[in-house]
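Report on the following structure.
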Amino acid sequence: MKKMRFPRITLPVIVVGSCLLNNMLLLVALLIVFALLGHYPNAQMVWLLPLTLVIVALAVGVGLILGVINVFVRDVGQVVPIVLQILFWFTPIVYPINIIPDHLKGWIDANPLYPIVSAYHDVLVYARPPELASVLITAGVAIGLLLVGLFMFRRAAPEMVDAL
C-alpha cells in the first residue's frame with residue numbers, strides 16, 4: 001500500500017482562501033449598504049487590496065504562531081478568544097476615536113490593530129488615503145510575524161503530528 005503525501009501547509013492556505021472569499025462577499029455587501037446610504041465607491045478604495053494583504057499577513061502570522069504553541073500548550077486555545085474580545089473593544093472599530101478621552105488615547109496608540117483599522121476607516125468612510133507611515137510599520141510587523149510563524153510551523157510540523 002502506497003502512502004499519499006499531504007503538504008501540511010495546505011491547511012492554513014485553505015483557511016486563508018476561505019476567509020478571503022468571506023471577506024470579499026462581506027465587502028460587496030458593505031459597498032451595497034454604503035451606496036444605499038449615498039456613499040459611493042471612490043478611487044481611494046484601491047488601497048483596500050494592500051490593506052487586506054497586510055491584515056492577512058498579520059492574521060496568518062499570529063495564527064500560525066498561536067496554532068503551533070496551542071498544540072503543545074493547550075491553554076492557549078482558551079485564552080485567545082478572551083484576548084481577542086478585549087482587543088476588539090479596545091480598538092476603535094465600531095466607535096470613532098474622538099469619543100475617547102485624551103488621557104486614554106495613549107492606550108489606543110499602543111494597540112497594534114489601531115493603525116490598520118484607522119487605515120480602513122480612512123479609505124472606506126472618509127475617502128482619503130491611509131497614513132502610510134503607520135501602515136508600513138504594521139506591514140513590517142505583519143511580515144515579521146508571518147516569517148516567524150512559517151518558521152515555527154515548518155520546524156514543529158513533525159512534532160505536531162505526534163502531539164495531535
_Six or more apart or on different chains, Cβ atoms under 9 Å: show the pairs whose first residue is in the stretch 88-103 and farther than 16 Å from Pro115 by Cα and whose second is of a type in the set (Lys, Arg) and outside any loop (DSSP other than H, G, I, E, B)._
none
*For the stretch 1-13, which residues satisfy the criterion of being surrounded by 10 or more Cβ atoms within 10 Å (Cβ to Cβ) and over 19 Å from Ala156 (Cβ atoms)?*
none
*Neighbours by Cβ (under 9 Å, 6+ apart or cross-chain): first from the stretch 43-62, farther than 17 Å from Pro115 by Cβ and in contact (Cβ under 8 Å) with a residue 12 or more places away in the chain; second of a type in the set (Val, Ile, Thr) and assigned to a helix (DSSP H, G or I)*: Met45/Val123; Val60/Val15; Val60/Val16
*asked:* Among the residues that make up the stretch 34-47, is at least one of them assigned by TED's automatic domain parsing to the domain that holds Pro130 and under 28 Å from Ile9 (Cα atoms)?
replied: no
_Conditions (1) hydrophobic (A, V, I, L, M, F, W, C); (2) at pLDDT 95 or above; (3) surrounded by 14 or more Cβ atoms within 10 Å (Cβ to Cβ); number of the one not met by Ala127_ = (2)
*Within the stretch 52-70, is even one residue exposed (fewer than 10 other Cβ atoms within 10 Å of the Cβ), out of contact with any Ser or Thr (no Cβ under 6 Å at 6 or more places or on another chain) and either at pLDDT below 90 or in a helix (DSSP H, G or I) (or both)?*
no
*Every residue from the stretch 89-107 that is over 17 Å from the mean Cα position of the chain (by Cα) and part of a helix (DSSP H, G or I)*: Ile97, Asn98, Ile99, Asp102, His103, Leu104, Lys105, Gly106, Trp107
*Out of the stretch 127-153, which residues are part of a helix (DSSP H, G or I), touching a residue at least 40 places away in the same chain (Cβ under 8 Å) and of a type outside the set (Gly, Ala, Ser)?*
Val135, Thr138, Val141, Ile143, Leu145, Leu146, Leu147, Val148, Leu150, Met152, Phe153
*Give the stretch 88-99 a look and list any residue that's surrounded by 13 or more Cβ atoms within 10 Å (Cβ to Cβ) and over 20 Å from Leu124 (Cβ atoms), or say none.*
Phe90
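The values are calculated or read from the model by the stated rules, or taken from the named source; none is laboratory data. Remember, predicted model here, so these are calculated numbers, not experimental data. No Cβ is skipped: glycine too gets one built from the backbone with ideal geometry, and neighbour counts run over all protein chains shown.
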